[in-house]
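Before any comments, here is the structure.
The values are calculated or read from the model by the stated rules, or taken from the named source; none is laboratory data. Predicted model, so just to flag it, every value in this text is computed and none were measured. All Cβ positions, glycine included, derive from the backbone under ideal geometry; neighbour counts span all protein chains shown. Only protein heavy atoms, including side chains, enter the accessible area calculation; ligands, DNA and RNA are left aside. Shrake-Rupley method; radii C 1.70, N 1.55, O 1.52, S 1.80 Å.
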Amino acid sequence: MPVDNLGTIFADPVAYADPARWHATARRVRDESPILKVALDDFPEFWAITKHADVMEIERNPDIFTNSPLPVLTPRAGVEAAGSPPVKTLIQMDGDEHKTHRNIVNDWFKPGNVKKLQSRVDDLARESVDRMAAMGGRCDFVNDIALHFPLQVILSILGLPETDYARMLKLTQELFGAEDPDIARLGEDESMFAVILDFVNYFTALASDRRAHPTADLASVIANASINGEPLADMDMLGHYLIIATAGHDTTSNAISGGLLALLEFPEQLALLRDRPELIDAAADEIIRYVSPVKHFLRNCREPFTLRDVTFQPGELLYLSFASANRDEEVFADAMRLDVRRENASSHVAFGFGRHFCLGAHLARMEIRSIFRALLSRLEHIELAGDPSWIHAYFVQGPKSIPVSYRMR
Ligand code: HEM
């Protein structure tokens, strides 16, 4: 097939569900046409940016390549129906507006503060592994373990009660798994709007509680924040809750479940981590590189800009393929291999780069280290007990189910 026809992989949720094939195709695109024009019936036209250096170069120029109006690939019908988003979050903001809003939560996510969460995160990781041990040697690692732990962390730092975890889990999956028929909400209210409205109702109640009774949790930081002496508008506040509750959950779950699957695929790497648990500190980044749970973000070109042999024009869309950039052989030798001792693993762009660099990166690394440390210290043996399956999505994506059998200490 000519390379010009390969661009469908970037917009096809099903294509991402076959990672080996997806990566083989993306590699051809990187080699033959690294900046590829993709014109499909159902999506606005975009340029797929597949090389690590090019993703970085675009991220270095956030005034030329903005997040608004379209930060994530959306079918044409959705773009036309969307208008302005009901709730605006950091990923829809640019320039001073973005800086002002990011400053509200930035300090909370700095390494010094995140470190204070270590023992709580370790406790939750141990509880997850205890639950796995109690399941008697068989589980679905995604649905029984990986989906719960990051949600517990996020909801616990936001300060939500455990009784609300199940509801938040469902809402988050509906929001990010909307292209997947098994996950998307069925029936009358299948539109994204209904899902967002559920979030709005939930967090409005939370904010009014934290304004009346402030605590040390992140929900209180957001509820009591002000800009130029004025309290945050309700919708802005909701934007903060929404992005943290959603961005902090599925992304990390996918990294953990994708990480376990990768270790099963490369058993010598699993053995190495079990023998030398201290390697997990660096291996977390290799797992994140390999899995790249956030497949892309879009940028909107504002001024003519030339990269390689292409000049982007104002109004054009650029699809930053983090998944492709993280397998770029020019940066990562033998990139298709998981190598827990890879020296430059942390050069990955799975957290993006620049102004919008993932706010939760330190927390995500802490969670991944913590759960694998807890798991590997107790696992005597683990193997697949059936075929894994993958979520159909082109934004945040990873395994949907990983049946495993295991023995634990
Ligand atoms: C392995 C897990 C994670 C991955 C792969 C990931 C990936 C990303 C990526 C690619 C971006 C966009 C960066 C860019 O445009 O350059 C991002 C932004 C963001 N992430 Fe994460 N993320 C993860 C975990 C988390 C966690 C745990 C949280 C919060 C608790 C979080 C909160 C955010 C927020 C708030 C933004 C928006 C930042 C902005 O626009 O300024 N993420 N993340």
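How about segment 28-55: which of its residues are among the charged types (D, E, K, R) and in contact with a Ser or Thr (Cβ under 8 Å, 6 or more places away or on another chain)?
Pass one, segment 28-55, residues among the charged types (D, E, K, R): 28, 30-32, 37, 41-42, 45, 51, 54.
ARG30, LYS51, listed by residue number.
Scan segment 382-391 and give yes if some residue there is closer than 22 Å to VAL29 by Cα and either part of a helix (DSSP H, G or I) or open to solvent by 60 Å² or more (accessible area, probe 1.4 Å) (or both), otherwise no.
No: segment 382-391 contains no residue that is closer than 22 Å to VAL29 by Cα and either part of a helix (DSSP H, G or I) or open to solvent by 60 Å² or more (accessible area, probe 1.4 Å) (or both).
Being within 20 Å of the chain's Cα centre (by Cα), of a type outside the set (D, E, K, R) and within 21 Å of LYS99 (Cβ to Cβ) is the filter; apply it to segment 30-61 and report the residue that is least open to solvent (accessible area, probe 1.4 Å).
If we filter segment 30-61 for residues that are within 20 Å of the chain's Cα centre (by Cα), which is where we start, we get 48-52, 55-56, 58-59.
Still in the running and of a type outside the set (D, E, K, R): 48-50, 52, 55-56, 58.
In the following step, the residues that additionally are within 21 Å of LYS99 (Cβ to Cβ) were identified as 56, 58.
Details: MET56: 34, ILE58: 1 Å².
Checked segment 30-61; the qualifying residue least open to solvent (accessible area, probe 1.4 Å) is ILE58.
Quick one: GLU80 ticks every box in (1) crowded, with 18+ Cβ neighbours inside 10 Å; (2) assigned to a helix (DSSP H, G or I) bar one, so which box is it?
GLU80 satisfies every listed condition except (1).
Does TYR165 count as modelled with pLDDT of 75 or more, surrounded by 15 or more Cβ atoms within 10 Å (Cβ to Cβ), among the aromatic types (Phe, Trp, Tyr) and under 20 Å from GLU367 (Cβ atoms)?
Working: modelled with pLDDT of 75 or more: yes; surrounded by 15 or more Cβ atoms within 10 Å (Cβ to Cβ): yes; among the aromatic types (Phe, Trp, Tyr): yes; under 20 Å from GLU367 (Cβ atoms): yes.
Criteria met by TYR165.
Within segment 315-331, can one find any residue that is of a type outside the set (A, V, I, L, M), touching a helix residue (DSSP H, G or I) at 6+ places or on another chain (Cβ under 7 Å) and within 20 Å of ILE382 (Cα to Cα)?
Scanning segment 315-331, I find no residue that is of a type outside the set (A, V, I, L, M), touching a helix residue (DSSP H, G or I) at 6+ places or on another chain (Cβ under 7 Å) and within 20 Å of ILE382 (Cα to Cα), so the answer is no.
Please count how many residues of segment 114-129 are open to solvent by less than 10 Å² (accessible area, probe 1.4 Å) and either within 18 Å of ARG409 (Cα to Cα) or not aliphatic (A, V, I, L, M) (or both). It would help to see each step written out before you state the result.
Within segment 114-129, the subset open to solvent by less than 10 Å² (accessible area, probe 1.4 Å) is 114, 121, 124-125, 128-129.
Then keep just the ones that are either within 18 Å of ARG409 (Cα to Cα) or not aliphatic (A, V, I, L, M) (or both); that gives 125, 128-129.
Number of matching residues: 3.
Would you check if there is a residue in segment 139-148 being open to solvent by 70 Å² or more (accessible area, probe 1.4 Å) and either part of a helix (DSSP H, G or I) or away from the ligand (no atom under 16 Å from the Cβ) (or both)? I'd like the intermediate steps shown before the answer.
Within segment 139-148, the subset open to solvent by 70 Å² or more (accessible area, probe 1.4 Å) is none.
Taking every residue of segment 139-148 in turn, none turns out to be open to solvent by 70 Å² or more (accessible area, probe 1.4 Å) and either part of a helix (DSSP H, G or I) or away from the ligand (no atom under 16 Å from the Cβ) (or both).
Looking at segment 213-222, is at least one residue open to solvent by less than 30 Å² (accessible area, probe 1.4 Å), without any contact (Cβ under 8 Å) to a residue 60 or more places away in the chain and more than 11 Å from the ligand (Cβ to nearest atom)? Before you say what the answer is, go through the steps one by one.
Within segment 213-222, the subset open to solvent by less than 30 Å² (accessible area, probe 1.4 Å) is 217-220, 222.
Cutting the leftovers down to without any contact (Cβ under 8 Å) to a residue 60 or more places away in the chain gives us none.
No, there is no match, as no residue in segment 213-222 is open to solvent by less than 30 Å² (accessible area, probe 1.4 Å), without any contact (Cβ under 8 Å) to a residue 60 or more places away in the chain and more than 11 Å from the ligand (Cβ to nearest atom).
Please pick out the residue among LEU363, LEU375 that is surrounded by 22 or more Cβ atoms within 10 Å (Cβ to Cβ), away from the ligand (no atom under 16 Å from the Cβ) and either part of a strand (DSSP E or B) or modelled with pLDDT of 95 or more (or both).
Working: LEU363 fails: away from the ligand (no atom under 16 Å from the Cβ).
Answer to the selection: LEU375.
Quickly run through segment 207-252 and pick out the residues that are touching a Gly at 6+ places or on another chain (Cβ under 9 Å) and among the β-branched types (Val, Ile, Thr).
Of everything in segment 207-252, those that are touching a Gly at 6+ places or on another chain (Cβ under 9 Å) and among the β-branched types (Val, Ile, Thr) turn out to be THR215, ILE244, THR251, THR252.
Residue check: is LEU238 surrounded by fewer than 22 Cβ atoms within 10 Å (Cβ to Cβ) and farther than 20 Å from ILE391 by Cβ? Reasoning before the result, please.
Details: surrounded by fewer than 22 Cβ atoms within 10 Å (Cβ to Cβ): no; farther than 20 Å from ILE391 by Cβ: yes.
No: the conditions fail for LEU238.
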